[in-house]
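Q: Take this structure first; my questions come after.
The values are calculated or read from the model by the stated rules, or taken from the named source; none is laboratory data. Quick caveat, the model's predicted, so the values are computed rather than measured. All Cβ positions, glycine included, derive from the backbone under ideal geometry; neighbour counts span all protein chains shown.
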Amino acid sequence: MSKTVSAYAATSATAPLTPTTITRRDVGPHDVAFDIHFAGICHSDIHTVRAEWGQPTYPIVPGHEIAGIVTEVGSEVTKYKVGDRVGVGCFVDSCRECASCRAGEEQYCVRGMTGTYNSVGRDGEPTQGGYSGAIVVDENYVLAIPDNLPLEAAAPLLCAGITTYSPLRHWNAGPGTRVAVIGLGGLGHLAVKLAKAMGAEVTVLSQSLKKMEDGLRLGADAYYATSDPDTFKTLQNSFDLILNTVSANLDLSAYLSLLDLDGTLVELGMPEHPMQVAAGPLIFKRRSLSGSLIGGIAETQEMLNFCAEHDVRPEIEVIAPDYVNEAYERVLASDVRYRFVIDTSSLRG
Ligand code: NAP
Ligand code: ZN
Ligand code: ZN
């Protein structure tokens, strides 16, 4: 039976999010229905609802860091049962046939993955995200949350965790690798923890020294303020890999010059406006500029298991749904330490 659930939605790019109700589809043979217990707030939620990445379809219920407990499974479901602890990240479907899907990199599906919100599902209905009481998702796009990861800690891993884990793995971060992380926010703080857990040497590049104590406590070996011009002189040619997690435009050429020969700067942040890059810093040390999008289902499961095993947990501030608009303002002011997670209990039932 389809079900009406409470949710928080944006109705325009400028309106605050407000309470509403949405309908979740009938549980099909391959579907898993679960009660949402926690939903993380990703900066992408803000970019999307504020139309910084193009015009979304309103009303829109954001949230793609979703953790909860299974309440019902379809007749053909084999991976999950009622009572299981599960999660959903940034997408809920893909074509399942293209080379990317077959390779387990559904995020790069040639026909386009189906986003957890602001997309259209196979049933032709708009998808709606995790700032809500329950959701129905095909079992192949549901993750198992390991027993020793609390649900509220698992939620941010489903976007911020996999988005930083995947490039660290792709570019072989580990012992002997010098990794820098630009921006100590939701993605950035997990990048520090994950890179450290993989054995890399980690440096934080933050706007100011305000978060220095935190950065070092999270595991960074070094911490620099990018507002200090000396930072760019001191750190020339110092890194093998730089993850840029900043949601705003940066002087990418200045950051590229911090890479050593053959180093790579990976764009994870997706600011609204294009950025300029000078050719010189790329040419003179054969440096690369790349990007990376979340991660596939198999790698997301691998990341959850890695976090459980290596005790990697996000630092979170749990909030009630009615705090979401204030939380957005604090994220925009770089005043998040380090992920807001909505306790959705008041939206259930
Ligand atoms: P966040 O929590 O707001 O963190 C971004 C951090 O960037 C801030 O904490 C701040 O760190 C720094 N920053 C913000 N504005 C800045 C400015 N004007 N100049 C320099 N630094 C600035 O955001 P998030 O949730 O981690 O997301 C970060 C970005 O990644 C967003 O654009 C988001 O859409 C994108 N994203 C991409 C993917 C993907 O698959 N590639 C997945 C998820 C998110 P300091 O205070 O330390 O400087
Ligand atoms: Zn996200
Ligand atoms: Zn595909």
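Q: Would you please name the residue that is nearest to the chain's Cα centre (by Cα), looking only at residues in region 323-336 that are away from ligand 2 (no atom under 16 Å from the Cβ) and in contact (Cβ under 8 Å) with a residue 40 or more places away in the chain?
A: Per the criteria, the residue is Ser334.
Q: Next up: Can you find a residue that is within 16 Å of ligand 1 (Cβ to nearest atom) and within 21 Å of Ala155 (Cα to Cα) anywhere in region 73-88?
A: From region 73-88, those within 16 Å of ligand 1 (Cβ to nearest atom) are 87-88; that's our starting set.
Narrowing further to those that are within 21 Å of Ala155 (Cα to Cα): 87-88.
The answer is yes, given that some residue of region 73-88 is within 16 Å of ligand 1 (Cβ to nearest atom) and within 21 Å of Ala155 (Cα to Cα).
Q: Let me ask another. Exactly one condition in (1) crowded, with 24+ Cβ neighbours inside 10 Å; (2) within 18 Å of Gly295 (Cβ to Cβ); (3) more than 16 Å from ligand 1 (Cβ to nearest atom) is false for Gly174; which is it?
A: Every listed condition holds for Gly174 apart from (1).
Q: Based on what the data block shows, is Glu106 in the same structural domain as Pro56 (by TED's automatic domain parsing), surrounded by fewer than 22 Cβ atoms within 10 Å (Cβ to Cβ) and out of contact with any Leu (no Cβ under 6 Å at 6 or more places or on another chain)?
A: Considered against the rule, which asks whether it is in the same structural domain as Pro56 (by TED's automatic domain parsing), surrounded by fewer than 22 Cβ atoms within 10 Å (Cβ to Cβ) and out of contact with any Leu (no Cβ under 6 Å at 6 or more places or on another chain), Glu106 comes out as no.
Q: Let me ask something else about it. Taking the criterion of being over 27 Å from Pro146 (Cα atoms), at pLDDT below 95, surrounded by fewer than 20 Cβ atoms within 10 Å (Cβ to Cβ) and more than 16 Å from ligand 2 (Cβ to nearest atom), would at least one residue in region 109-122 satisfy it?
A: The answer is yes; a qualifying residue exists.
Q: Please indicate, with yes or no, whether at least one residue in region 198-210 is surrounded by fewer than 23 Cβ atoms within 10 Å (Cβ to Cβ), under 20 Å from Val336 (Cα atoms) and touching a Phe, Trp or Tyr at 6+ places or on another chain (Cβ under 8 Å).
A: Within region 198-210 (the criterion being surrounded by fewer than 23 Cβ atoms within 10 Å (Cβ to Cβ), under 20 Å from Val336 (Cα atoms) and touching a Phe, Trp or Tyr at 6+ places or on another chain (Cβ under 8 Å)), the answer is yes, since at least one residue qualifies.
Q: Quickly run through region 288-337 and pick out the residues that are crowded, with 17+ Cβ neighbours inside 10 Å and among the small types (Gly, Ala, Ser).
A: Ser292, Gly295, Gly296, Ala308, Ala327, Ser334
Q: Also, I was wondering about something else. Return the residue satisfying two criteria in turn: it lies in region 73-99 and is under 20 Å from the mean Cα position of the chain (by Cα) and away from ligand 2 (no atom under 16 Å from the Cβ), and of such residues it is nearest to Pro29 (Cα to Cα).
A: Among residues in region 73-99 that are under 20 Å from the mean Cα position of the chain (by Cα) and away from ligand 2 (no atom under 16 Å from the Cβ), the one nearest to Pro29 (Cα to Cα) is Asp93.
Q: Tell me which residues, restricted to region 94-132, are aromatic (Phe, Trp, Tyr) and within 14 Å of ligand 3 (Cβ to nearest atom).
A: Across region 94-132, the qualifying residue is only Tyr108.
Q: Could you please let me know if Leu216 is crowded, with 23+ Cβ neighbours inside 10 Å and more than 16 Å from ligand 3 (Cβ to nearest atom)?
A: On the way: crowded, with 23+ Cβ neighbours inside 10 Å: no; more than 16 Å from ligand 3 (Cβ to nearest atom): yes.
No, not satisfied.
Q: Now for a different question. Could you tell me which of the residues Leu265, Leu241, Leu261, Leu256 is over 25 Å from the mean Cα position of the chain (by Cα), farther than 24 Å from Asp335 by Cα, at pLDDT 95 or above and aliphatic (A, V, I, L, M)?
A: Numbers: Leu265 fails: over 25 Å from the mean Cα position of the chain (by Cα); Leu241 fails: over 25 Å from the mean Cα position of the chain (by Cα); Leu256 fails: over 25 Å from the mean Cα position of the chain (by Cα).
Answer to the check: Leu261.
Q: Just to verify a result, which residue in region 37-72, among those that are closer than 19 Å to Val120 by Cα and among the aromatic types (Phe, Trp, Tyr), is farthest from ligand 1 (Cβ to nearest atom)?
A: Across region 37-72, the extreme among qualifying residues is Tyr58.
Q: What single numbered condition from (1) closer than 19 Å to Met113 by Cβ; (2) among the hydroxyl-bearing types (Ser, Thr, Tyr); (3) touching a strand residue (DSSP E or B) at 6+ places or on another chain (Cβ under 9 Å) fails to hold for Ser44?
A: Exception for Ser44: condition (3).
Q: Report, by residue number, each residue of region 292-317 that is within 16 Å of ligand 1 (Cβ to nearest atom) and more than 15 Å from Ile162 (Cβ to Cβ).
A: If the condition is that a residue be within 16 Å of ligand 1 (Cβ to nearest atom) and more than 15 Å from Ile162 (Cβ to Cβ), then Glu315, Ile316, Glu317 are the ones that fit.
Q: OK, next. What single numbered condition from (1) within 12 Å of Ile297 (Cβ to Cβ); (2) away from ligand 3 (no atom under 16 Å from the Cβ) fails to hold for Phe91?
A: Here Phe91 clears every test but (2).
Q: Still on this structure, I have one more. Condition (residue is modelled with pLDDT of 95 or more and within 16 Å of ligand 3 (Cβ to nearest atom)) applied to region 140-156: is it met by at least one residue?
A: yes
Q: Which residues, taken from region 22-55, are surrounded by fewer than 21 Cβ atoms within 10 Å (Cβ to Cβ), assigned to a loop (DSSP other than H, G, I, E, B) and within 20 Å of the chain's Cα centre (by Cα)?
A: Arg50, Ala51, Trp53
Q: Now for a different question. What pairs can you find where one residue is in region 66-93 and assigned by TED's automatic domain parsing to the domain that holds Gln128 and without any contact (Cβ under 8 Å) to a residue 60 or more places away in the chain, the other is among the basic types (Lys, Arg) and part of a loop (DSSP other than H, G, I, E, B), and their Cβ atoms are less than 9 Å apart, with a gap of 6+ or different chains?
A: Val70/Lys81; Asp93/Arg122
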